Amino acid sequence: LAKTTQPISMDSYEGQEVNITCSHNNIATNDYITWYQQFPSQGPRFIIQGYKTKVTNEVASLFIPADRKSSTLSLPRVSLSDTAVYYCLVAPPNNNDMRFGAGTRLTVKP
Amino acid sequence: NAGVTQTPKFQVLKTGQSMTLQCAQDMNHEYMSWYRQDPGMGLRLIHYSVGAGITDQGEVPNGYNVSRSTTEDFPLRLLSAAPSQTSVYFCASRIGGGEKLFFGSGTQLSVL
(Lines give C-alpha, C1' and ligand atoms only; values in the text may rest on other atoms or scores of the structure.)
Protein backbone atom coordinates (compact mmCIF):
# COMPACT_ATOMS: atom_id res chain seq x y z
CA LEU A 1 0.00 0.00 0.00
CA ALA A 2 1.17 3.50 -0.79
CA LYS A 3 2.53 5.40 2.20
CA THR A 4 0.89 8.79 2.75
CA THR A 5 2.23 11.90 4.46
CA GLN A 6 0.02 14.73 5.68
CA PRO A 7 0.63 17.72 7.94
CA ILE A 8 -0.19 16.88 11.53
CA SER A 9 -2.22 20.01 12.10
CA MET A 10 -3.46 23.19 10.42
CA ASP A 11 -5.22 26.30 11.64
CA SER A 12 -7.58 28.49 9.67
CA TYR A 13 -10.20 31.17 10.15
CA GLU A 14 -13.85 31.16 9.27
CA GLY A 15 -14.54 32.05 5.65
CA GLN A 16 -11.10 31.08 4.38
CA GLU A 17 -10.33 28.37 1.85
CA VAL A 18 -8.31 25.51 3.31
CA ASN A 19 -6.05 23.24 1.31
CA ILE A 20 -4.70 20.05 2.87
CA THR A 21 -2.03 18.26 0.89
CA CYS A 22 -1.26 14.56 1.05
CA SER A 23 1.97 13.15 -0.38
CA HIS A 24 1.96 9.62 -1.81
CA ASN A 25 5.13 9.22 -3.84
CA ASN A 26 4.78 5.45 -4.37
CA ILE A 27 1.18 5.49 -5.55
CA ALA A 28 0.39 2.56 -7.84
CA THR A 29 -1.30 2.79 -11.22
CA ASN A 30 -4.59 1.36 -9.98
CA ASP A 31 -4.70 3.25 -6.66
CA TYR A 32 -7.45 5.70 -5.86
CA ILE A 33 -7.20 8.61 -3.43
CA THR A 34 -9.89 8.88 -0.78
CA TRP A 35 -10.44 11.45 1.96
CA TYR A 36 -12.35 11.01 5.19
CA GLN A 37 -13.42 13.53 7.83
CA GLN A 38 -13.72 12.76 11.53
CA PHE A 39 -15.45 15.03 14.01
CA PRO A 40 -14.70 14.65 17.72
CA SER A 41 -16.39 11.64 19.31
CA GLN A 42 -17.62 10.35 15.95
CA GLY A 43 -16.50 7.80 13.41
CA PRO A 44 -14.93 9.05 10.18
CA ARG A 45 -17.12 9.77 7.20
CA PHE A 46 -16.30 9.66 3.50
CA ILE A 47 -15.77 13.07 1.88
CA ILE A 48 -14.44 12.55 -1.62
CA GLN A 49 -12.54 10.19 -3.88
CA GLY A 50 -10.59 10.66 -7.08
CA TYR A 51 -8.14 9.08 -9.49
CA LYS A 52 -6.76 12.03 -11.47
CA THR A 53 -7.29 15.73 -12.27
CA LYS A 54 -10.13 17.27 -10.29
CA VAL A 55 -13.20 16.01 -8.49
CA THR A 56 -15.77 18.25 -6.86
CA ASN A 57 -18.82 17.56 -4.73
CA GLU A 58 -21.01 19.54 -2.37
CA VAL A 59 -18.47 19.30 0.44
CA ALA A 60 -15.00 19.64 -1.09
CA SER A 61 -12.77 19.51 -4.15
CA LEU A 62 -9.91 17.14 -4.74
CA PHE A 63 -7.01 18.15 -6.95
CA ILE A 64 -4.64 15.50 -8.27
CA PRO A 65 -1.67 16.49 -10.47
CA ALA A 66 -0.68 14.49 -13.51
CA ASP A 67 2.05 12.52 -11.73
CA ARG A 68 -0.45 11.63 -8.93
CA LYS A 69 2.31 11.75 -6.31
CA SER A 70 0.28 14.11 -4.19
CA SER A 71 -3.27 15.30 -3.81
CA THR A 72 -4.92 18.35 -2.29
CA LEU A 73 -8.23 18.45 -0.47
CA SER A 74 -9.78 21.89 -0.78
CA LEU A 75 -12.48 23.09 1.60
CA PRO A 76 -14.09 26.35 0.43
CA ARG A 77 -15.04 29.01 2.97
CA VAL A 78 -14.64 26.91 6.10
CA SER A 79 -16.77 27.38 9.18
CA LEU A 80 -16.24 26.41 12.81
CA SER A 81 -18.08 23.16 12.10
CA ASP A 82 -15.31 22.08 9.71
CA THR A 83 -12.98 21.60 12.68
CA ALA A 84 -12.10 17.92 12.39
CA VAL A 85 -9.38 15.44 11.51
CA TYR A 86 -8.96 14.75 7.79
CA TYR A 87 -7.50 11.47 6.57
CA CYS A 88 -6.00 10.67 3.18
CA LEU A 89 -6.06 7.06 2.03
CA VAL A 90 -4.43 5.65 -1.09
CA ALA A 91 -5.40 2.14 -2.13
CA PRO A 92 -6.59 0.07 -5.08
CA PRO A 93 -10.29 -0.68 -5.58
CA ASN A 94 -11.67 -3.48 -3.44
CA ASN A 95 -8.76 -3.15 -1.03
CA ASN A 96 -9.56 -5.00 2.19
CA ASP A 97 -6.67 -3.85 4.37
CA MET A 98 -7.84 -0.25 4.71
CA ARG A 99 -5.45 1.61 6.99
CA PHE A 100 -5.69 5.19 8.16
CA GLY A 101 -2.71 7.31 9.01
CA ALA A 102 -2.64 9.96 11.73
CA GLY A 103 -4.53 12.46 9.60
CA THR A 104 -4.48 16.27 9.67
CA ARG A 105 -6.17 18.03 12.56
CA LEU A 106 -7.83 21.17 11.18
CA THR A 107 -8.86 23.84 13.65
CA VAL A 108 -11.08 26.64 12.36
CA LYS A 109 -11.05 29.77 14.50
CA PRO A 110 -13.65 32.55 14.62
CA ASN B 1 -31.74 2.35 7.59
CA ALA B 2 -29.91 2.49 10.90
CA GLY B 3 -26.54 2.10 9.16
CA VAL B 4 -23.80 0.70 11.41
CA THR B 5 -24.85 0.20 15.01
CA GLN B 6 -22.38 -0.39 17.82
CA THR B 7 -23.15 -1.44 21.37
CA PRO B 8 -22.39 -0.58 24.06
CA LYS B 9 -21.37 3.07 23.74
CA PHE B 10 -19.33 2.98 26.94
CA GLN B 11 -17.80 0.10 28.89
CA VAL B 12 -15.48 -0.19 31.87
CA LEU B 13 -13.68 -3.48 32.46
CA LYS B 14 -11.25 -4.79 34.99
CA THR B 15 -7.99 -6.33 33.83
CA GLY B 16 -8.56 -9.94 32.85
CA GLN B 17 -12.26 -9.64 32.18
CA SER B 18 -13.71 -10.63 28.85
CA MET B 19 -16.37 -8.95 26.79
CA THR B 20 -17.80 -8.66 23.31
CA LEU B 21 -18.29 -5.43 21.42
CA GLN B 22 -21.25 -5.71 19.11
CA CYS B 23 -21.50 -4.35 15.58
CA ALA B 24 -24.45 -4.71 13.23
CA GLN B 25 -25.20 -3.19 9.85
CA ASP B 26 -28.45 -3.21 7.88
CA MET B 27 -27.05 -2.23 4.48
CA ASN B 28 -26.25 -5.79 3.32
CA HIS B 29 -22.57 -4.88 3.15
CA GLU B 30 -20.17 -7.73 2.53
CA TYR B 31 -17.13 -6.05 4.06
CA MET B 32 -16.90 -5.19 7.75
CA SER B 33 -13.97 -4.13 9.90
CA TRP B 34 -12.91 -3.07 13.37
CA TYR B 35 -10.59 -0.19 14.24
CA ARG B 36 -9.24 1.16 17.48
CA GLN B 37 -8.37 4.80 18.06
CA ASP B 38 -6.19 5.85 20.95
CA PRO B 39 -6.37 9.45 22.22
CA GLY B 40 -4.99 11.92 19.68
CA MET B 41 -4.09 9.13 17.27
CA GLY B 42 -5.33 7.83 13.97
CA LEU B 43 -7.31 4.64 13.47
CA ARG B 44 -5.62 1.27 13.47
CA LEU B 45 -7.17 -1.74 11.78
CA ILE B 46 -7.74 -4.73 14.08
CA HIS B 47 -9.63 -7.31 11.99
CA TYR B 48 -11.76 -7.32 8.90
CA SER B 49 -14.17 -9.63 7.11
CA VAL B 50 -15.11 -9.85 3.44
CA GLY B 51 -18.18 -11.98 4.04
CA ALA B 52 -19.85 -14.49 6.33
CA GLY B 53 -17.37 -17.09 7.49
CA ILE B 54 -14.32 -15.12 6.29
CA THR B 55 -12.12 -13.01 8.58
CA ASP B 56 -8.56 -11.73 8.44
CA GLN B 57 -6.13 -9.81 10.60
CA GLY B 58 -5.31 -6.14 10.32
CA GLU B 59 -2.32 -4.32 11.75
CA VAL B 60 -3.07 -4.78 15.48
CA PRO B 61 -4.96 -8.11 15.91
CA ASN B 62 -3.32 -9.40 19.10
CA GLY B 63 -5.71 -9.71 22.04
CA TYR B 64 -8.82 -9.65 19.86
CA ASN B 65 -10.96 -12.34 18.25
CA VAL B 66 -13.66 -11.97 15.62
CA SER B 67 -16.14 -14.16 13.83
CA ARG B 68 -18.68 -13.51 11.07
CA SER B 69 -21.58 -15.93 11.16
CA THR B 70 -24.01 -13.59 9.38
CA THR B 71 -23.70 -10.74 6.89
CA GLU B 72 -25.19 -8.31 9.39
CA ASP B 73 -23.08 -8.93 12.50
CA PHE B 74 -19.36 -8.70 13.23
CA PRO B 75 -18.63 -8.93 16.97
CA LEU B 76 -15.22 -8.18 18.45
CA ARG B 77 -14.16 -10.23 21.47
CA LEU B 78 -11.64 -9.32 24.10
CA LEU B 79 -10.75 -12.57 25.86
CA SER B 80 -8.66 -11.10 28.69
CA ALA B 81 -8.76 -7.32 28.78
CA ALA B 82 -5.58 -5.36 29.43
CA PRO B 83 -5.12 -1.64 30.21
CA SER B 84 -3.38 -1.28 26.83
CA GLN B 85 -6.72 -2.03 25.21
CA THR B 86 -8.25 1.14 26.60
CA SER B 87 -9.37 2.92 23.45
CA VAL B 88 -12.31 3.92 21.31
CA TYR B 89 -13.40 1.13 18.99
CA PHE B 90 -15.05 1.78 15.65
CA CYS B 91 -16.80 -0.70 13.42
CA ALA B 92 -17.15 0.01 9.70
CA SER B 93 -18.73 -1.57 6.66
CA ARG B 94 -18.89 -1.14 2.90
CA ILE B 95 -20.17 -2.96 -0.14
CA GLY B 96 -17.86 -5.67 -1.42
CA GLY B 97 -16.17 -3.80 -4.23
CA GLY B 98 -16.62 -0.29 -2.95
CA GLU B 99 -14.31 2.26 -1.39
CA LYS B 100 -16.70 4.18 0.82
CA LEU B 101 -16.57 3.01 4.41
CA PHE B 102 -19.52 3.66 6.72
CA PHE B 103 -18.61 3.92 10.39
CA GLY B 104 -20.51 3.33 13.58
CA SER B 105 -20.51 5.85 16.42
CA GLY B 106 -17.91 3.97 18.43
CA THR B 107 -17.52 2.20 21.77
CA GLN B 108 -15.39 3.87 24.41
CA LEU B 109 -13.67 1.14 26.42
CA SER B 110 -11.69 1.64 29.61
CA VAL B 111 -9.74 -1.21 31.16
CA LEU B 112 -8.68 -0.63 34.75
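Close contacts from the range B:36-51, counting a first residue that is farther than 17 Å from B:GLY96 by Cβ and within 7 Å of another protein chain (Cβ to nearest Cβ) and a second that is of a type in the set (Asp, Glu) and open to solvent by 30 Å² or more (accessible area, probe 1.4 Å), with Cβ to Cβ under 7 Å and a gap of 6+ residues or different chains, come to B:LEU45/A:ASP97; B:LEU45/B:GLU59. Take A:GLN37 and tell me if it is closer than 28 Å to B:SER93 by Cβ and open to solvent by 50 Å² or more (accessible area, probe 1.4 Å). No; evaluated as a whole, the condition is false for this residue.
The residue pairs whose first member lies in the range A:22-47 and is within 12 Å of chain B (Cβ to nearest Cβ), whose second member is in a loop (DSSP other than H, G, I, E, B) and of a type in the set (Asp, Glu), and whose beta carbons are closer than 7 Å, counting only pairs six or more residues apart or on different chains, are A:TYR32/B:GLU99; A:THR34/B:GLU99. Among what's in the range B:2-40 and is part of a strand (DSSP E or B) and out of contact with any Leu (no Cβ under 9 Å at 6 or more places or on another chain), pick the residue that is most open to solvent (accessible area, probe 1.4 Å). Per the criteria, the residue is B:THR5. Pairing residues of the range A:3-15 that are within 16 Å of A:SER74 (Cα to Cα) and touching a residue at least 12 places away in the same chain (Cβ under 8 Å) with residues that are in a strand (DSSP E or B) and open to solvent by 80 Å² or more (accessible area, probe 1.4 Å), at Cβ distances under 8 Å and at least 6 apart in sequence or on separate chains, gives A:SER9/A:ARG105; A:MET10/A:ARG105. In this structure, is B:PRO61 surrounded by 14 or more Cβ atoms within 10 Å (Cβ to Cβ) and within 12 Å of another protein chain (Cβ to nearest Cβ)? In short, yes. Name the single residue that is nearest to B:ALA24 (Cα to Cα) among those in the range B:69-100 being part of a loop (DSSP other than H, G, I, E, B) and open to solvent by 60 Å² or more (accessible area, probe 1.4 Å). Top of the filtered list is B:GLU72.
The values are calculated or read from the model by the stated rules, or taken from the named source; none is laboratory data. Just so we're clear, the structure is a prediction, and the values are computed from it rather than from any experiment. Note that we place each Cβ from the backbone using ideal geometry, even for glycine, and neighbour counts take in every protein chain shown. With ligands, DNA and RNA removed, areas are computed over all heavy atoms of the protein, side chains included. Shrake-Rupley method; radii C 1.70, N 1.55, O 1.52, S 1.80 Å.
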